[in-house]
Amino acid sequence: MSEQELLLHKIDVASFALDDTRLFLDTHPECEQAVCYYDKLCQMRDHALEDYACKYGQLCAYRPSENGMWGKNPLPWENGGNA
Amino acid sequence: MWTYEKRLQYPVKIAHPNPDLANAIVSQIGGPDGEIGASLRYLSQRYSMTNRNVSGLLTDIGTEELAHMEMVSAIIHQLTRCLSAQQIMNSKLAPYYVDHTTGIYPAAADGTPYTVKYFQSKGDPITDLHEDMAAEQKARTTYDNLLRLIDDPDVCDPIKFLREREIVHFQRFGEALETVKDELDCRNFYAFNPSFDAK
């Protein structure tokens, strides 16, 4: 995998862990271990997203973007769009 | 409100087009047990839940189903690249192609366009959560059926992911149902509808 693909993969992995933990917390809101895990993953994901946005372009709405979100990189469903 | 992130929840990287498979898989976008129906069902039902965590669960799962709709659309998109007219004519995709070329259109595998009649939002938490649990099982069975038809590991991979998520969603909805019942009279859960009747 290229550096870009590796970084996107890191974002994908952290995001999915958050997705799954979020659902768990919806039905187990009192689980402190899950809350800790969620917070840790949020931080990891935020750093990876900032890094990616700097180097390869912005993925998220409501975050600063030099070249706009769309024109520069493949769309997620195109080849090269998702690691 | 919703925001969008420019990535798929799970990668879709399919090397070999296959119009027959695309025709079958389109049911998971616009078929009776597909992702659009799932998303609209949960996002519609969340307003009448009396427990906020349950509304939250419906919001979160409804949102995830939109990401799944996107993944299935990506699968179809990649399965229908670079097809010749001959390939299309020899495949089961010919009728879909006539009306939609290789664009994405929410329909079932037999061509029936998506309809909101595929889901109910009954305004009763116990009823709605039972519908949701059934919906996840129906989706899981549909993915099981598709996996029997698929030889290509590039296609199996994201489909297996989507199937797993249905099972997790089913688990969460079961827990939400228990949460709702815990807040009702244990001698008679049906005594009143907490979303409608004054206590």
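The values are calculated or read from the model by the stated rules, or taken from the named source; none is laboratory data. Nothing here was measured: the structure is a model prediction, and the numbers come from that model. Every residue, glycine among them, receives a Cβ derived from its backbone with ideal geometry; neighbour counts consider all protein chains shown. Heads up: the accessible areas ignore ligands, DNA and RNA and are worked out on the full protein's heavy atoms, side chains in. Shrake-Rupley method; radii C 1.70, N 1.55, O 1.52, S 1.80 Å.
Taking all protein chains together, B:M1, B:M49 sort by accessible area into B:M1, B:M49, largest first [probe 1.4 Å].
Restricting the calculation to Cα atoms, the protein assembly as shown yields a radius of gyration followed by a Dmax of 20.4, 66 Å.
Ellipsoid semi-axes for chain B, based on the Cα gyration tensor and the rule √(5λ), read 36, 16, 14 Å when sorted largest first. Full extension of the chain segment joining A:M44 with A:E66 gains 5.6 nm, where the gain is 0.36 nm per residue of separation less the Cα-Cα distance. Shape of region B:6-71 from its Cα gyration tensor (a ≥ b ≥ c, root eigenvalues): rounded if a/c is under 1.5, otherwise prolate when a/b > b/c, or oblate? Oblate, because a/c is 1.5 or more while a/b does not exceed b/c. Taking the helices alone, the protein assembly as shown has a mean residue ellipticity at 222 nm of -20000 deg cm²/dmol, built from -39,500 (n - 2.57) per DSSP H run of at least 4 residues and averaged over all its residues. Give me the tail of P(r) for region B:24-115 as a percent: Cα-Cα pairs with distance above 15 Å. Counting every Cα pair in region B:24-115, those more than 15 Å apart make up 62 percent.
For B:I167, the solvent-accessible surface with a 1.4 Å probe is about 70 Å², rounded to the nearest 10.
Rounded to the nearest 10 degrees, the angle from helix B:35-45 to the longest Cα principal axis of chain B is 20 degrees.
The mean count of C-beta atoms from other chains within 10 Å of the C-beta of residues in B:63-70, rounded to a whole number, is 1.
Inter-chain Cβ neighbour count for B:1-13, averaged per residue, equals 6 (cutoff 10 Å, partner chain atoms only).
Here region B:157-191 is scanned for amide nitrogen atoms under 18 Å from the site 7 Å beyond the Cα of A:C31 along Cα-to-Cβ, giving B:164-180. Remark: accessible area buried at the A-B interface is about 2600 Å², both chains counted, probe radius 1.4 Å.
Other residues within the sphere of radius under 14 Å centred on the Cβ of B:M133, judged by their own Cβ, net out at -2 (K and R +1, D and E -1).
Only Cα sites of region B:93-178 enter the Debye sum here, all with the same form factor; the resulting log10 I(q)/I(0) across q = 0.17, 0.21, 0.23, 0.26 1/Å is -0.90, -1.10, -1.16, -1.22, listed in q order. Taking only protein heavy atoms and a 1.4 Å probe, the accessible area of chain A is 55% carbon and sulfur.
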